[in-house]
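Here is the structure we will look at.
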Amino acid sequence: MSSPAESSTEQTPRPARLAAAAAVAGVEALGLFVGGVYMLVHALTGTSGDLTGAATGAVTLVALGLIPLAAARGLWTRRSWSRGPAVITQILALPVAWQMLQANSVMIPAGVVLGVLAVTGLVLLVNPATTEALGIRRPGQESPGQEG
């Protein structure tokens, strides 16, 4: 016999928008990890001029990747707390994407991808189906079983 929490998860399937939001956060986490490892490899192989700065940047990117990773896991498992870090990640990704688009380099396509991911993630995270699946009430909405 399953617990009440398990049976409620089994009865209501995960909305596709929630799964997509978790995937967006997961892709962003992966991107931060890959960027951090790339910077670390360049720092350790001596191709960067400033070893300390490059290593610090690499560790920072890897550490920052933990935020969208935790958010992705929380969204996937329907934890209401996970929407906050996921939304913050998307909002912080927008100016980073803008800066990447201002560069005259190979960063422009990465900026386009990041911008599309951030806007898509925000749209998915504020969608009513996502909000409902996470058990987040809108302002003025009563709790189930609460009388007005």
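What the table shows:
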read-out	value
Hey, VAL37 among the β-branched types (Val, Ile, Thr) and more than 30 Å from LEU134 (Cα to Cα) or not	yes
Where LEU69 falls short, out of the listed (1) at pLDDT below 95; (2) of a type outside the set (D, E, K, R); (3) open to solvent by 30 Å² or more (accessible area, probe 1.4 Å)	(1)
Filtered residue count, the stretch 32-66, keeping only those that are open to solvent by 90 Å² or more (accessible area, probe 1.4 Å), within 26 Å of the chain's Cα centre (by Cα) and of a type in the set (Val, Ile, Thr)	1
Of residues in the stretch 101-141 being β-branched (Val, Ile, Thr) and more than 17 Å from the chain's Cα centre (by Cα), the one least open to solvent (accessible area, probe 1.4 Å)	ILE136
Which numbered condition VAL24 fails, given (1) within 30 Å of THR130 (Cα to Cα); (2) open to solvent by 30 Å² or more (accessible area, probe 1.4 Å)	(2)
Criterion (in a helix (DSSP H, G or I), closer than 14 Å to VAL24 by Cβ and among the aliphatic types (A, V, I, L, M)) met by exactly one of ALA86, ALA110	ALA86
Residue check, SER80 modelled with pLDDT under 90, open to solvent by 30 Å² or more (accessible area, probe 1.4 Å) and either out of contact with any Cys (no Cβ under 6 Å at 6 or more places or on another chain) or of a type in the set (S, T, N, Q) (or both)	no
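The values are calculated or read from the model by the stated rules, or taken from the named source; none is laboratory data. Computed from a predicted structure; not experimentally measured. Cβ atoms come from the backbone with ideal geometry, glycine included; neighbour counts cover every protein chain shown. With ligands, DNA and RNA removed, areas are computed over all heavy atoms of the protein, side chains included. Shrake-Rupley method; radii C 1.70, N 1.55, O 1.52, S 1.80 Å.
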